[in-house]
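Enquirer: Quick one: structure below, then a few questions.
What follows is calculated from the coordinates using simple rules that are stated; it is not laboratory data. Please read all numbers here as calculations on a predicted model, not as lab measurements. Backbone-built Cβ (ideal geometry, glycine too); neighbour counts: all protein chains shown.
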Amino acid sequence: MTANAPPLPSSFTTVIGLEVHVQLQTETKLFCGCSTQFGAPPNTQVCPTCLGLPGSLPVMNRRAFDLAVRAALALDCHIAPFTKWDRKNYFYPDLPKGYQISQFDLPFSADGQLEVVDPKGGWSRKVGIIRVHLEEDAGKSMHDEGAGTGDTRIDLNRAGTPLCEIVTQPDLRSPQEARAWLNELKLLLVYLGVSDCNMQEGSLRVDANVNLHIPCDGGPEAGGRIAKTPIVEIKNMNSFRSVERALVYEVARQFAEWQTTKAEMGKTPKQTRGWDDPAGVTRAQRHKEESSDYRYFPEPDLVPVTVSQAFLAETRGAMTDPPTVLRQALEAKWKISAYDADVLVNQGRDLVAYFEALAEAVGEGKVASNWMQQDVLRTLNERGGTIGEFPVRPPVLAEIIGRVAKGDFDTSRGREIFAEVLSSGRSVADVVASLGIAAVDDDELVALCRELLAENPKIVADVQAGKEQAAAGLIGQAKKKNPNVNPGKVRALCVDLIRKMG
Amino acid sequence: MQPAELSAVELVQAVRQGDLTAERCTEAFLSRIESVDGRIHAFLKVDREGALRAAAAIDQKRRAGKPLGPLAGLPVAVKDALCTFDMPTTCASKMLANFRPPYDAEVVARLRAADAVIVGKTNMDEFAMGGSNENSAFGPVHNPWDLSRTPGGSSGGSAACVAADMTPVAIGSDTGGSIRQPAGLCGITGLKPTYGRVSRRGLVAFASSLDQIGPMARSAADCALVLETIAGHDAGDATSLKEPVPAYSTDLERPLAGVRIGRVPAHFGAGLDPEVAHGVEEAFAAFRAAGATIHDIDMPHAGAGVATYYVVAPCEASSNLARYDGAHYGHRAEPGRGHRAEPGRGHRAEIGGGHRAEPGRGHRAEIGGGHRAEIGGGHGSTGFSKDNGGFESALEEMYCRSRAEGFGPEVKRRIMLGTYALSAGYYDAYYAKALRVRRLIRQDYLDAFQKVDLIGGPVSATPAFKLGEKTGDPLAMYLVDLYTVCTNLAGVGGISFPCGFTKSGLPIGFQLQAPALAEPLLLRATDRYQHLTDWHRRRPALAAAPG
């Protein structure tokens, strides 16, 4: 919680619904052939259609529609067999046609859900999806206040970019849940190749609606009632962390406000508040947008779209498993914990593929998963880059793990070898040889153990007295004599020899 | 050989055979324009140099033995609602007075590719809204048959251009009768094709679900020739039909025996000028003589056509015209109260001159990086002050004043009608209801075409009226569209052509309507009629200015 937030009250229910805009991963815009590439110089990815020049016409990008259907199917939505486009009319300089082509009363999909599960088993939340529809993005206004001229510059590169708008039911019950659910949504859309969900580049934008249900006079059980505070829509949040922080702040603010004003929903118009991230507060925005009338009507320049069952079946067939299914599959197939499966799946499809290749080569999931979590992910985080570029490929890592299992060297030696292979790019055999690691033969080992026992009568006595763990004291000494010895073997052999002495 | 005396079909033939050069042909029509258009004002722009250059290129091509396009050397005038990359496209509006599109309309591109010569852009009612051409921001067109009268509208410039022999063919657009009515009032032949038959890409939109581009010429045969070039699927227009384009010119001569023509008795009620009624009945008689049969039919919902049209069209227009806000191109009011906007400032889309961008084909127009809209949303940078005239912001003031100055009264009236009809609380009573009636009207046509092959009747209730006669009475002006709007609401095709003259020498028009994609029959029936009559050969006694 931020320093600015008033103290949190107890005993009320937080009610949160989200509106998420996701940019679809298409090469070209929704209604023209212009590129959607991010970062080009202003107004260089435009044509008469996305500039809204007189006489220009839109033509639907089929790829955008297909991606949107994929997203809706993954969100368990019903896909309408017939859908149409509508114009949403309003004036703004970054909206060159004076209307946005969107979907109003017949969105292409509705009525879905997405569940988020806490990997530690603490909680889960099923969030209903009211609708998913397609629309074109507006351009970008840059208010040039710094230069002192107060000019506004318009960049229309983004105008016409395909967006999927996802509207949830008010099913979320805490800011933490909202953040976790957004993470799950993002992961799902990235897995499906629907969007890169990059918030910095604006390919994922979130608005949150929040209010509080506060039991009065003991609540319904005691014959009281539930007071609902006015719904506030929060905008301008540019990370999931901001979403969580803004909601935490807003929940506290609403409760404090309610305590003084007792204002309830319906008595005041819905308020829009902007999140000021550096200040850590939400601030009221103008009410104007709430009162505007968009005069929606069917877009006469486009024809309705019909969706066949065959097309849906084909799309479903081409879709890869969503993260939830993948987590369960990894858990079941490789006998790893739900938590481990969650960590692996949350890293993305390529890492899962790496893990599966590794587990396959090792012939066992748990060990492979441990190596992934403790070594691969850690070094990947330190190094940066993607798993696809990671120099130690699964067969190489499997070789190291296999030799640890065989007893050629222990796990910590294995880690050293892994680090050396990673930095030098040499083969495992080379690294093993250069580190002077050679398998110690059994006769040699027996001789070494006998020597140790002779030098450590106290430990021998302790073990004989039943304190078997005292044998651990021999391992360090064994390593000094020969760094290549396997500590497990040394320990087992020493204990065995002491018993025989007994 | 006098080019003006030849039909378009003959002209193209003459150029192809080398009997006439494209340059000479073009020069002849340009001189005609120069000698008579001062009195008619059919053109907003004549591109003498461009036309002669195009003609010379065609002659060169012929001399080099290269194949010529189907319209080789044919001078064509284009309504100023179609985008041309080499000429301004104004829609006869102050709003677009200096707007130069970066691309050609699909129809213009097809005409050029067929080796037609684009001679200029014709006058019209502002944004195609009107039936008399008096709504042009640049002054009305005069009817060549009587200069004190209107040529009709909104394609009045194109109709007058052909009627006065300034070009053999012209391109018009028809949203509620804007090709057929002026063709009727000017004594020429005008075809409104089936919705979707001709690409709308590059036609500045008035009402997208009704707009359709079509040819205007002296005869059905000439219309057929032009339609063969401009019709056909365009991947850049989602409402464009995919059906193949028939060879309209080749089937014109088949007799009309067995063709059933419907006659709607309600068309002959009060309000129809007796001379027009007579001319129309005579035409029915001529069709009967040509072998067709005439059947009285009922169009039960036609009476609601004008009311329906004046909801649907303004609703779409209110949205289509929202883009003219002064922010990106077009007229922008100067800051300062009561200050008159200087034409010519900031009117051009700042896109590399002559650069042709084709939407939907992966082609990009590049605006110079850092294109500045300078709108100063609330910052007052444009000089619009916040406490000026009760505007919420400098931005809102710029919008309101730019649109107030840039649009004429009829355009404003329709934007307001449409905005009102689409507003929350009124949508169901107006727009939604109009769509339901539109479906009933469409059904009337489907039912009628079970019984007949064509529907005949008047185009306009009266011959050309005097300029200024109806300008004070918008409702009387809207009734000018009585016989034509249903065709657009139903999305079918219609053609109008002269079927006689009043005693005072004004043309009387006849209209035929046909089922969707029955252009071959529309053109054939008209052509057969024109073989029996010579109304379409008459020319106004418009003396050429000497020298």
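Enquirer: Please compute P(r) over all alpha-carbon pairs of the range B:1-106, binned at 5 Å starting from zero, and give each bin as a whole-number percent.
Expert: Values per bin, smallest distances first: 2, 12, 20, 20, 19, 14, 8, 3, 1, 0.
Enquirer: To the nearest whole percent, what portion of all C-alpha pairs in chain A is separated by more than 28 angstrom?
Expert: 66 percent
Enquirer: If you don't mind, there's one more thing I want to ask. Could you state the number of Å between the C-alpha centres of the range A:233-301 and the range A:374-433?
Expert: Using only Cα atoms, the two centres lie 50 Å from each other.
Enquirer: Now a separate question. What's the FRET efficiency of A:Met142 with A:Gln271 using the Cβ-Cβ distance as r and R₀ = 25 Å, to the nearest 0.05?
Expert: Once the sixth-power term is evaluated, E becomes 0.40.
Enquirer: Note down the nm distance, to one decimal, between modelled labels 7 Å out along Cα→Cβ at B:Leu147 and at B:Asp251.
Expert: 4.5 nm
Enquirer: Just to be sure I understand: of the beta bridges DSSP finds with both ends in chain B, what percent are antiparallel, rounded to 5?
Expert: Once the DSSP bridges in chain B are tallied, antiparallel ones form about 65 percent.
Enquirer: Oh, and also: Enumerate the amide H contacts of B:Val169 below 5 Å, restricted to partners 5 or more residues apart or on another chain; note that Pro and chain-start residues carry no placed amide H.
Expert: B:Ala77
Enquirer: Can you sort B:Ile213, A:Ile129 from fewest to most other Cβ atoms within 10 Å of each residue's own Cβ?
Expert: Ascending number of Cβ neighbours within 10 Å: A:Ile129, B:Ile213.
Enquirer: Continuing with this model, one more query. What do you get for Rg/Rh of the range B:264-340 when both radii come from the Cα atoms and Rh is the Kirkwood radius?
Expert: 1.32
Enquirer: Provide Rg and Dmax in Å for the range A:321-434, with only Cα atoms included in the calculation.
Expert: 13.8, 45
Enquirer: Show that you can apply the helix-only estimate: for chain B, add -39,500 (n - 2.57) for every DSSP H stretch of four or more residues, divide by all residues, and state [θ] at 222 nm to the nearest 500.
Expert: It comes out at -10500 deg cm²/dmol, rounded to the nearest 500.
Enquirer: Any idea what diffusion coefficient the protein assembly as shown gets from Stokes-Einstein, in µm²/s, Kirkwood Rh on alpha carbon pairs, 4 °C, 1.567 mPa s?
Expert: Translational diffusion coefficient: 38 µm²/s.
Enquirer: For the range A:442-501, what is the convex hull (Cα atoms) projected area averaged across all directions, in square nanometres?
Expert: Result: a mean projected hull area of 3.5 nm².
Enquirer: Given labels modelled 7 Å from the Cα in the Cβ direction, how far is it in nm from A:Gln176 to B:Ala429?
Expert: Label at A:Gln176, label at B:Ala429, 5.4 nm between them.
Enquirer: Compute the relative contact order of chain B as a whole-number percentage, counting only Cα pairs closer than 8 Å that sit 6 or more residues apart in sequence.
Expert: 19 percent
Enquirer: Please rank A:Glu314, A:Glu244, fewest neighbouring Cβ atoms within 10 Å first, as an exposure proxy.
Expert: Fewest-to-most Cβ neighbours within 10 Å comes out as A:Glu314, A:Glu244.
Enquirer: Also, quick follow-up: Between A:Thr152 and residues 5 or more places away or on another chain, which pairs have amide H atoms under 5 Å apart, with H built 1.01 Å from N, and which residues are they?
Expert: For A:Thr152, the qualifying residues are A:Asp144, B:Glu374, B:Ile375, B:Gly376, B:Gly377.
Enquirer: Then there's this: Over the protein assembly as shown, what is the percentage of antiparallel beta bridges among all DSSP beta bridges, to the nearest 5?
Expert: Approximately 80 percent, going by the DSSP bridge assignments.
Enquirer: Continuing with this model, one more query. What is the antiparallel percent of DSSP beta bridges lying wholly in chain A, to the nearest 5?
Expert: Given both bridge residues lie in chain A, the antiparallel proportion sits at roughly 90 percent.
Enquirer: Can you list residues from other chains, or at least 5 along the same chain, whose modelled amide H is less than 5 Å from the amide H of A:Ile226?
Expert: So A:Ile226 has HN proximity to A:Cys216.
Enquirer: Principal axes first, then extents: for the Cα atoms of the range A:13-310, list largest minus smallest coordinate on each axis, whole Å, largest first.
Expert: 65, 57, 37
Enquirer: As an exercise, use a Förster radius of 51 Å and the Cβ-Cβ distance of B:Gln450 and A:Ala313 to find the FRET efficiency, rounded to the nearest 0.05.
Expert: E between B:Gln450 and A:Ala313, to the nearest 0.05, is 0.85.
Enquirer: Distance cut-off 24 Å, Cα to Cα: go down the list A:Lys29/A:Lys88; A:Lys84/B:Lys433; B:Lys94/B:Lys412; A:Lys88/A:Lys262; A:Lys235/A:Lys267; B:Lys242/B:Lys433 and report the pairs above it.
Expert: In this structure, A:Lys88/A:Lys262; B:Lys242/B:Lys433 lie more than 24 Å apart at Cα.
Enquirer: Please state the charge dipole magnitude for the protein assembly as shown, taken about the Cα centre, from unit charges on C-beta atoms (+1 on K and R, -1 on D and E), reported in debye and rounded to the nearest 20.
Expert: 360 debye
Enquirer: Another question, then. In the range B:467-541, which trypsin sites (Lys or Arg not before Pro) fall in coil by DSSP and have 13 or fewer other Cβ atoms within 10 Å?
Expert: Qualifying residues, ordered by number: B:Lys503.
Enquirer: Output wanted: per-residue J couplings in Hz (rounded whole) for the range B:208-225, from phi through Karplus 6.51 cos²θ - 1.76 cosθ + 1.60, θ = phi - 60°, x for Gly and Pro.
Expert: Values, residue by residue: 4, 7, 10, 4, 8, 8, x, x, 10, 7, 7, 9, 4, 4, 5, 4, 4, 4 Hz.
Enquirer: Full-extension gain between A:Asp496 and A:Ala429, please, as 0.36 nm times their residue separation minus the C-alpha to C-alpha distance.
Expert: 20.9 nm
Enquirer: Length gain on complete extension for the stretch A:Lys335 to A:Lys479, per 0.36 nm per residue less the alpha carbon to alpha carbon distance?
Expert: 48.4 nm
Enquirer: Determine, for A:Leu452, A:Leu377, B:Leu489, the number of other Cβ atoms within 10 Å of each Cβ, and report the residues in order from fewest to most.
Expert: The fewest-first ordering by Cβ neighbours comes to A:Leu377, A:Leu452, B:Leu489.
Enquirer: Another one. Grab the beta carbon distance between A:Arg62 and A:Lys262, set R0 = 41 Å, and tell me the FRET efficiency rounded to 0.05.
Expert: 0.15
Enquirer: I'd like the Kirkwood hydrodynamic radius of chain B, using the inverse of the mean 1/r over distinct C-alpha pairs, in Å.
Expert: Evaluated on chain B, it is 23.6 Å.
Enquirer: Exposed loop trypsin sites (Lys or Arg not before Pro) only (DSSP loop, at most 16 other Cβ atoms within 10 Å): please give the longest stretch of chain A free of them, not including the sites.
Expert: A:1-119
Enquirer: Mean Kyte-Doolittle of at least -0.5 and a Cα length of 15 Å or more along the axis: which whole DSSP H helices of chain A meet both?
Expert: Helix filter hits for chain A: A:62-74, A:175-191, A:240-261, A:323-334, A:349-362, A:394-406, A:411-424, A:442-455, A:487-501.
Enquirer: Report the equivalent ellipsoid semi-axes for the range A:389-496 in whole Å, largest first, defined as the square roots of five times the eigenvalues of the gyration tensor built from alpha carbon atoms.
Expert: Over the Cα atoms of the range A:389-496, the ellipsoid semi-axes are 32, 13, 11 Å.
Enquirer: Classify the range A:78-120 as rounded, prolate or oblate from the Cα gyration tensor: take a ≥ b ≥ c as the square roots of its eigenvalues, call it rounded if a/c is under 1.5, otherwise prolate when a/b beats b/c and oblate if not.
Expert: oblate
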